[in-house]
Amino acid sequence: MNLQGQLVEVFAIHCGGFAVMDNHLLLLLRLDSARVRSWSDEEVARRWLILFPLRDVAGQALPVGEERIRRCVADASWVAQARARLGDLGWFMKCLK
């Protein structure tokens with residue numbers, strides 16, 4: 001699976017198609033705000049931590065632990081911000097770049 005496909009799995013965005021050109025990328029995307037609202041707080045935290053995992057000193061991504069998810073879920077403002085970003089086209093494009 002390519003990076004764009006991996007991001008579509010994490011974000012609340014559907015990809016209808018894409019084309020890689022010489023100097024740019026064309027994407028046909030649809031935002032799914034109902035989908036992002038339906039996710040539990042734990043699901044939001046898990047998806048965000050897949051995108052931005054903690055890393056060890058060598059820079060390798062660490063597995064997403066249940067304790068880390070619980071700490072994220074305990075912060076309601078963090079969950080709200082992560083949920084908004086997982087349904088945002090700008091954040092999708094930022095991660096794709």
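Values quoted throughout were computed directly from the atomic coordinates according to the rules given, and no laboratory measurement underlies them. What you see is a predicted model; the values in this text were computed from it and never measured. Cβ: placed from backbone, ideal geometry, glycine included. Neighbour counts: every protein chain shown.
Here are the numbers:
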| read-out | value |
| --- | --- |
| Cα shape, the chain, gyration tensor, a/c 1.5 rule | oblate |
| Long-range HN-HN contacts of Phe11 with modeled amide H, under 5 Å | none |
| Where labels lie 7 Å past Cα in the beta-carbon direction, separation of Asn23 and Arg68 in nm | 4.0 |
| Rounded to whole Hz, the Karplus (6.51, -1.76, 1.60) HN-Hα couplings of the stretch 72-87, x for glycine and proline | 5, 5, 5, 9, 4, 5, 5, 4, 4, 5, 5, 4, 4, 5, 6, x |
